[in-house]
Amino acid sequence: MSFVSRLKSLEINGFKSFSKKGSLTFTSPITSIVGPNGSGKSNVAESFRFVLGEQSLKSMRGKKGEDLIFNGGKDSARANRASVKVVFDNTNRMFNMDFDEISIERVVHRDGVNEYFINGTLVRLKDVVELLAYANIGSSGHHIISQGEADRLLSAQPKDRREMIEDALGLKVYQYKKQESEKKLEKTGNHIKEIESLRREIAPHIKFLKKQVEKIEKAVVLRQELVGMYKEYFARENHYIKMEKARLSNEKKAPQEELEKLHQELVHHKSILDEAKANLGQSSSMSGLLSLEQEMRDTRAKKDSCTREIGRLEGEISYLKRVIDKKIKESENHIDVQSTKQVYLKDVELIQKDIDVKATVALEAIDGIGDHANASPEQRLAYVKQSIQDIHERISSFVNYHKESDHVEKPQNSTETEEAEIKRISEEMKTLEEKLRTFSEEELKQSERYTQIKVDIDKERDKNVESEKAVLVIMSKQNELHSHIETVKAKEERLRVEEEEFKSEIQEAHMLVGRDAVDYENAEVDFSVVEDRHAQVDRRRAVEKSKIRLEEMGGGGGDDIVREYKDAEERDIFLAKELQDLITSSESLKLLIDELNQKLSELFKDGISKINKEFGKFFGLMFGGGTAELKLIKEIKRKKKKGDLEDDSGDLSVALAEELDGDEPAEEGIEINVSLPHKRIKGLTMLSGGERALTSIALLFAMSQVNPPPFVILDETDAALDEANSRKYGDMIEALSKHSQLILITHNRETMSRAGVIYGVTMGGEGYSKLLSIAFDEAVAVAK
């Protein structure tokens, strides 16, 4: 069978002692790496650990990331980065990728940043680990045995030893799946707790919102009822306003048309009257009437003047007579004071009467009544002024007279002067009375003439009586019609106010319950049934009551609350579904973990059986007999408490004075039982160093035979072997190379002789490692 190289090449650049780029090509089943101590051979094995994702710096003999980067030499500057790239052949799809060649590269920088590449694409460490686990390769394990680690399988604790064997059996992929499932299960459990917590948190809020929504739903029902009430109310109100407008318009139209007609008739009759008045003003009768009225006013004025003068003279005569009586009494030396006072009061009474007459006549002149009915304003004013002047003269004459009678000494017993004065005044009165009689006769004649002219004028006026009556009737009708129209206008104004209120109610309804309420045009209302306004008023009251109830409930517009409730309820439903999905997922993960545990257990037990078979064969080959086997055991550890002691082996001792809280779950481990030929040695602790080395090599080879990895790296695992055992070791290597590529770091000539390709590692005075390809004969010479 021809050899197929699974591991094709390794490229090192700046890693540890390799300052410059170095490449190793693996074309042989066994490749040996040789060189003096300190030349950097083990760095090749550690470069494999590095590129395959090892995270423990200790296993690569470092403390921090920059320890893996070349730190400079005598003539070489230190590097800023280190990189290692390994190339695998994937024609048989050893890796779960559809490429014939797989390259994995890792780069570390001095700031500690790591980068991973698969076929040149930047990936995560997780991606590298998953890819390698599929091919039964890891950064550590039985296939990479560093210097001094050959005894690791023997010295490990049973539990750790079990993990190494599981790794060798290729169970790592299942372990990885189990770990991922457990992580998912843990996350799922956390999510379940979070969702349950969220549901507990939002439950009171949902309950509160539900009550609010129920209240809002009631308000919505009330709102729909209110919308229906609004529609009927608005439809009837709109119908009422339209009908009232039409009715009032018709009610006003006929009176307006009649008014227009009456106006035309009134204009016609007034034109007739104006024409008649104009003709009457131009007639001779009217001119004579006006002239006669002036003559009558003049005659009346003269008559009044005579009357006033006669009254004045009568007062003087009366006064003179009293004076005469006074003198007669004085002459008799018996003055009656009381009589004098009575005479004085009598004069005052006469003057008062005269003044009352003149004042009455003056007032008639001012009012234009009595004899002054036809007098002009100028004539009446002149008469009033004359009357006031007469009153003033009468009062002045009375006052002056009594002053003289009190201070002027009069003849004691002479009355001749007074008698003569009385005579003279009497003659003057006769003349005035004659004039008064003449004026009265003239006034009578003028009055007769005036009456005749008036009769003539009235005869002319009778001709236009029908027009005057028509005017009066028209004006009366106009007043009635205007009153009726004003009443209609008042009704229209009230209707306008009602219409404004109607529009305001529409806006209010639109704001309160939305557009549906004002869409009353298509409302199904029976207008054939005639209703009075009381029914509409009752509807309005019902609407107002519903409005108040709706406003008390919050207006029925809690869309935000309903939306919030729906969102919260949907969220709760989603969370409940999510919770159920998580529970289902958790159950599925638990089932998967149980299945993985069962499969791991089955594969592990089957693997242990196979390893024991190969282990016994290799052990007998190495020791020339004897037995060796792996045994599955269970360790029960108690919980450590204060007061517990540990023995040298690390097991817990019996508690001194306190009770134990209980035992931890049992852990399965692997125990190695060996029996050497011709010796009573049963335990590993009694083996010598060489015997331990041979035992570990036998176990490593047995593990590799059961589940061969693509390659195995052994770093000086043959250092403790003698020549005879070295030959046995070489035979075992050749047998193992049929299943896995071997990379051997060795000083052993026997081991070198089994290699097809040998690489030499040297370090000169420059301070960095170099790779050399050495022929086999030269390698044997160097070994000698």
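Conditions (1) in a helix (DSSP H, G or I); (2) touching a His at 6+ places or on another chain (Cβ under 7 Å); (3) among the charged types (D, E, K, R); (4) under 23 Å from residue 196 (Cα atoms), marked per residue:
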position	(1), (2), (3), (4)
579	yes, no, no, yes
595	yes, no, yes, no
602	yes, no, yes, no
607	yes, no, no, no
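If the condition is being among the basic types (Lys, Arg) and in a helix (DSSP H, G or I), then the range 609-632 contributes 610, 613, 617.
Pairing residues of the range 591-613 that are of a type in the set (D, E, K, R) with residues that are open to solvent by 60 Å² or more (accessible area, probe 1.4 Å) and outside any helix (DSSP H, G or I), at Cβ distances under 8 Å and at least 6 apart in sequence or on separate chains, gives 605/632.
Annotation note: of 53, 38, the sole residue that is of a type in the set (Gly, Ala, Ser) and surrounded by fewer than 14 Cβ atoms within 10 Å (Cβ to Cβ) is 38. Put simply, of 129, 84, 107 the only residue that is open to solvent by 30 Å² or more (accessible area, probe 1.4 Å), in contact (Cβ under 8 Å) with a residue 24 or more places away in the chain and either closer than 20 Å to residue 10 by Cβ or not in a strand (DSSP E or B) (or both) is 129.
Here residue 516 passes the criteria (1) charged (D, E, K, R); (2) free of Cβ contacts under 8 Å to residues at least 12 places away in the same chain; (3) open to solvent by 80 Å² or more (accessible area, probe 1.4 Å) except the one numbered (2).
Give me the residue from the range 472-496 that is open to solvent by less than 60 Å² (accessible area, probe 1.4 Å) and within 56 Å of the chain's Cα centre (by Cα) and, out of that set, nearest to residue 242 (Cα to Cα). Looking at residues that are open to solvent by less than 60 Å² (accessible area, probe 1.4 Å) and within 56 Å of the chain's Cα centre (by Cα), I get 495. Consider the range 526-578 and keep the residues that are at pLDDT below 75 and surrounded by 15 or more Cβ atoms within 10 Å (Cβ to Cβ). The one that is farthest from residue 203 (Cα to Cα) is 550.
Here is a yes/no grid of residues against (1) open to solvent by 70 Å² or more (accessible area, probe 1.4 Å); (2) among the basic types (Lys, Arg); (3) in contact with a strand residue (DSSP E or B) (Cβ under 6 Å, 6 or more places away or on another chain):
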site: 156; (1), (2), (3): no, no, no
site: 186; (1), (2), (3): yes, no, no
site: 198; (1), (2), (3): no, no, no
site: 201; (1), (2), (3): yes, no, no
site: 211; (1), (2), (3): yes, yes, no
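Answer yes or no as to whether residue 165 is modelled with pLDDT of 80 or more and assigned to a loop (DSSP other than H, G, I, E, B). The answer is no for residue 165. Just checking, how many residues over the range 584-609 are open to solvent by 60 Å² or more (accessible area, probe 1.4 Å) and β-branched (Val, Ile, Thr)? Number of matching residues: 1.
The values are calculated or read from the model by the stated rules, or taken from the named source; none is laboratory data. Values in this document were obtained by computation on a predicted structure and should not be read as measured data. Note: ideal-geometry Cβ built from the backbone for every residue, glycine included; neighbour counts use all protein chains shown. The protein model used for the area step is the full one, side chains on, heavy atoms only, and it has no ligands, DNA or RNA in it. Shrake-Rupley method; radii C 1.70, N 1.55, O 1.52, S 1.80 Å.
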